[in-house]
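Below is one structure, written out as structure tokens, with a few remarks after it.
Readers should treat all values here as calculations from the given coordinates under stated rules, not as data from a laboratory. It should be emphasised that the depicted structure is a prediction, and the values quoted were computed from it without experimental measurement. Positions of Cβ are generated from backbone atoms using ideal geometry, with glycine treated the same way; all protein chains shown enter the neighbour counts.
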Amino acid sequence: MQTPLRFPTDAEVNAEEAARFRGLSAEERIASIRSVLSAGDLLIRRSSQKDFLKSHRQSQKDLARRAIQEFAGRHAERS
């Protein structure tokens with residue numbers, strides 16, 4: 001049975017949002033990214049699990065830092 005309303009697929013919605021984002025100026029892109037990050041930070045601050053989320057975020061930063069240091073150590077030029 002075919003419904004009278006057609007809803008876009010997730011892929012179509014994502015493609016539209018990506019095209020809209022690519023159409024923004026560099027300043028608008030930065031503002032958009034900052035807005036998303038600010039909203040995420042607000043959600044974390046208001047969360048009942050904010051302590052866990054903060055510690056998890058810090059552990060992820062530590063893991064990323066360690067991975068970068070290991071990568072640089074393996075691939076750095078040695079003189």
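Need one number for the chain: average projected area of the convex hull over its C-alpha atoms, nm². Before the final figure, lay out the partial values.
Working: hull surface 44.8 nm².
Projected over every direction and averaged, the Cα hull of the chain covers 11.2 nm².
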Folded to 0 to 90 degrees: helix 26-46 orientation relative to the chain principal axis, Cα: 80
Separation of alpha-carbon centers, the stretch 19-44 and the stretch 50-79, rounded to whole Å: 25
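Order these by the 10 Å Cβ neighbour count, fewest first: 3, 9.
3, 9
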